[in-house]
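The values are calculated or read from the model by the stated rules, or taken from the named source; none is laboratory data. Here the structure is a predicted model, which means the values were calculated and not measured. Glycine also receives a Cβ, built like all others from the backbone with ideal geometry; neighbour counts cover every protein chain displayed. The accessibility values were calculated without ligands, DNA or RNA, using every heavy atom of the protein model including side chains. Shrake-Rupley method; radii C 1.70, N 1.55, O 1.52, S 1.80 Å.
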Amino acid sequence: SLIPSLKREMRNLSEECSLEPVTVSMAYVYFEKLVLQGKLNKQNRKLCAGACVLLAAKISSDLRKHEVKHLIDKLEERFRFNRRDLIGFEFTVLVALELALYLPENQVLPHYRRLTQQS
């Protein structure tokens, strides 16, 4: 399955954009929830990964407008999709997650620990 490689891409991109490990951890949780719901397919998996990173960055970071633009540029470049598709898909992911972007600590912590031990 391509899920581990997509998560690796999410982590690498987040590091390039100087996002905190907690942000990446949140993106992982969002992504895994979509996987468990069966929402991923070959056509949308990169858009799902990108939207999860973007949503996590928006909810957990104090990003300025130019930082969000930079993140979207990097997502578009890394995952090779159109920014318009990403922005549209962001809402689809938000609905699939039932607007539940604030996550309990016990869901984020295992990913956070793994990420901080790797770096």
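Residues Leu99, Leu86: which one is open to solvent by 80 Å² or more (accessible area, probe 1.4 Å) and either aliphatic (A, V, I, L, M) or more than 17 Å from Ser5 (Cβ to Cβ) (or both)? The conditions single out Leu99. Of the residues making up region 50-105, just one is among the polar types (S, T, N, Q), more than 14 Å from Ser14 (Cβ to Cβ) and modelled with pLDDT under 90, namely Asn82.
Regarding Lys39, is this residue open to solvent by less than 50 Å² (accessible area, probe 1.4 Å) and basic (Lys, Arg)? Please lay out each step first, then the result.
Numbers: open to solvent by less than 50 Å² (accessible area, probe 1.4 Å): no; basic (Lys, Arg): yes.
So Lys39 fails the test.
When you check Leu19 against the structure, is it buried (at least 21 other Cβ atoms within 10 Å of the Cβ) and among the hydrophobic types (A, V, I, L, M, F, W, C), yes or no? For Leu19, the condition - buried (at least 21 other Cβ atoms within 10 Å of the Cβ) and among the hydrophobic types (A, V, I, L, M, F, W, C) - is met. Would you confirm whether any residue within region 46-69 is open to solvent by 80 Å² or more (accessible area, probe 1.4 Å), on the phi > 0 side of the Ramachandran plot and in contact with a helix residue (DSSP H, G or I) (Cβ under 8 Å, 6 or more places away or on another chain)? No - not one qualifying residue is present in region 46-69. Working carefully through the options Arg83, Arg78, Arg11, find the one that is more than 10 Å from the chain's Cα centre (by Cα) and touching a residue at least 60 places away in the same chain (Cβ under 8 Å). When all the criteria are applied, what remains is Arg78.
Looking at region 102-116, which of its residues are open to solvent by 70 Å² or more (accessible area, probe 1.4 Å) and free of Cβ contacts under 8 Å to residues at least 12 places away in the same chain? Answer for region 102-116, where residues must be open to solvent by 70 Å² or more (accessible area, probe 1.4 Å) and free of Cβ contacts under 8 Å to residues at least 12 places away in the same chain: Glu105, Asn106, Arg113, Arg114. Among residues belonging to region 72-104 that are among the aromatic types (Phe, Trp, Tyr) and part of a loop (DSSP other than H, G, I, E, B), point out the one that is farthest from Cys17 (Cα to Cα). This residue is Tyr102.
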